[in-house]
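Asker: Shown below is the structure under consideration.
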Amino acid sequence: MEITKTLGEFIIEKQSEYPDATGELSSIFASIRLASKLVHREINKAGLADITGGVGSENIQGEQQQKLDVYANERFKTALAARGVVCGLASEEEDSYVHFDDGLNLNGKYVVLIDPVDGSSNIDVNVSVGTIFSVYRRLSPIGGPVTEEDFLQPGNAQVAAGYVIYGSSTMLVYSTGNGVHGFTYDPSLGIFCLSHPDMTYPEDGVIYSVNEGNYVHFHDGVKQYIKYCQVEDQRTNRPYTSRYIGSLVSDFHRNLIKGGIFLYPSSSLHPSGKLRLLYECNPMAFLAEQAGGKAIAGVSERVLDINPTELHQRVPFFVGSVNMVNKLERFLREFS
Ligand code: P6P
């Protein structure tokens with residue numbers, strides 16, 4: 001593929017489309033780009049370096065923190081605090097939000113929420129993982145300390161969101177509300193190159209992604225939809241196929257390119273679902289809608305309209321090709 005444009009050039013070019021752009025959002029992307037390269041480097045030698053496995057501690061979710069979780073969290077935190085445009089950070093790996101309250105960042109206009117390494121338990125078995133990030137303008141007065149309200153904003157207030165997928169190649173996919181654009185990392189040059197401009201969900205698809213090991217715990221509407229996907233229909237000869245990696249970024253990325261639906265429902269095991277609203281579902285829902293897809297937490301419950309109540313709250317999550325999500329919604333309405 002011919003290298004036409006780097007991530008940096010693309011951001012500056014797009015920035016000129018925002019009359020009031022002051023380069024601060026571009027600066028945030030520069031931080032994310034830098035930290036992603038460092039995480040890429042560690043992941044790509046995970047088998048060799050002492051970077052796999054647990055650190056023997058748990059995060060607030062009660063999940064074993066992987067060494068890479070801690071490494072990545074520190075890299076993103078340091079990079080985002082270095083430019084004076086971000087006044088605070090919330091992270092899956094931090095119990096509470098982090099103030100960037102040195103003199104440099106108190107005037108920062110933005111807050112960032114991040115899952116530094118999503119799916120990190122897959123690292124030891126060489127399965128792709130990802131970083132997910134979400135950016136908001138702060139609500140609290142500039143110059144003062146960041147407050148919890150800065151982080152508890154609905155997803156429809158995001159100014160940017162994206163993910164990095166550390167897979168067969170490392171890609172950064174993001175949106176600032178003008179479409180979704182994908183950049184592939186060239187380690188030999190140390191740059192992200194535009195490879196997937198204007199990514200859009202196929203309106204329909206044949207891939208459904210769900211952990212069917214939890215089937216017996218699902219509510220009826222979800223069970224009925226899964227059965228619908230599995231039953232051959234002589235009239236339509238629906239060729240559905242099940243693909244589930246167990247890494248949200250990877251399942252999302254595949255479905256975005258090929259068409260499909262990802263489901264993480266609530267269940268008797270996970271009464272509120274498993275995925276976190278603020279730094280997993282909201283950024284992925286923002287991208288999905290920007291790519292012409294759809295993301296709901298339940299019947300007529302648009303993820304981006306949910307008003308958060310706590311930093312690490314979980315929600316059910318259904319995201320993907322618009323026709324497939326609409327079909328699922330009909331099952332949820334009819335059977336739940
Ligand atoms: P389960 C990874 O732990 C994660 O947070 C997401 O990346 C992934 O989609 C989901 O959990 C997998 O959960 O319960 O199917 O293993």
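The values are calculated or read from the model by the stated rules, or taken from the named source; none is laboratory data. The shown structure was predicted, so the numbers you read here are calculated from the model rather than taken from an experiment. Note that each Cβ is placed from the backbone with ideal geometry, even for glycine, and that neighbours are counted across all protein chains shown. Ligands, DNA and RNA are excluded from the accessible area calculation, which covers all protein heavy atoms including side chains. Shrake-Rupley method; radii C 1.70, N 1.55, O 1.52, S 1.80 Å.
Asker: Quick one: with all protein chains in place, what share of the accessible area of the chain is carbon or sulfur, to the nearest percent (1.4 Å probe)?
Answerer: 49
Asker: With label points built 7 Å along Cα→Cβ from the Cα atoms of residue 309 and residue 216, find their separation and express it in nm.
Answerer: 3.1
Asker: What whole-number value in cubic angstrom gives the convex hull volume per residue for the C-alpha atoms of the stretch 207-334?
Answerer: With only Cα atoms used, the stretch 207-334 gives 103 Å³ per residue.
Asker: If you take every residue apart from residue 146 with its C-beta less than 10 Å away from the C-beta of residue 146, what net charge results, scoring Lys and Arg +1 and Asp and Glu -1? Numbers along the way, then the final one.
Answerer: Numbers: positive: 138; negative: 101, 148, 149, 150.
In short, -3.
Asker: Something else: Suppose R0 equals 41 Å. What FRET efficiency, 1/(1 + (r/R0)^6) with r the Cβ-Cβ distance, do residue 232 and residue 44 give to the nearest 0.05? Please report the intermediate quantities before stating the final value.
Answerer: Numbers: r = 42 Å, r/R0 = 1.02.
Computed FRET efficiency for residue 232 and residue 44: 0.45.
Asker: What accessible area per residue, rounded to a whole number of Å², is obtained for the chain using a probe radius of 1.4 Å? Mind showing how you got there, number by number?
Answerer: Numbers: 13700 Å² over 336 residues.
Here the per-residue accessible area is 41 Å².
Asker: Beyond 17 Å, what share of the Cα-Cα pairs of the stretch 236-295 remains, rounded to the nearest whole percent?
Answerer: For the stretch 236-295, the fraction of Cα-Cα distances above 17 Å is 45 percent.
Asker: Using the structure shown, select from 227/327; 5/294; 227/274; 77/294; 109/274 the pairs with a Cα to Cα distance greater than 20 angstrom. Don't skip to the end; give the middle numbers.
Answerer: Values: 227/327 13 Å; 5/294 29 Å; 227/274 22 Å; 77/294 30 Å; 109/274 31 Å.
The answer is 5/294; 227/274; 77/294; 109/274.
Asker: May I have the convex hull volume per residue, in Å³, for the Cα set of the stretch 7-196?
Answerer: 119
Asker: For the pair residue 126/residue 330, report the inter-label distance in nm, with labels modelled 7 Å from Cα in the Cβ direction.
Answerer: 4.4
Asker: Here's something else I'd like to know. Hey, can you rank 258-268, 182-192 by average C-beta count inside 10 Å, highest first?
Answerer: 258-268, 182-192
Asker: Got a sec to turn the phi values of the stretch 298-303 into Karplus ³J(HN,Hα) couplings, 6.51 cos²θ - 1.76 cosθ + 1.60 with θ = phi - 60°, whole Hz, x for Gly and Pro?
Answerer: x, 4, 6, 10, 5, 3
Asker: What list of ³J(HN,Hα) values in whole Hz, one per residue of the stretch 79-95 in order, does the Karplus curve 6.51 cos²θ - 1.76 cosθ + 1.60 (θ = phi - 60°) give from phi, with Gly and Pro shown as x?
Answerer: 5, 6, 8, 8, 10, x, 10, 10, 9, x, 9, 10, 9, 4, 8, 10, 4
Asker: Over the chain, what per residue volume does the convex hull of the Cα atoms give, in whole Å³?
Answerer: 138
Asker: If amide H atoms are built 1.01 Å from N in the plane of the peptide, which residues on other chains or at least 5 residues away come under 5 Å of the amide H of residue 180?
Answerer: When sequence neighbours closer than 5 places are left aside, the close amide H contacts are 198, 199.
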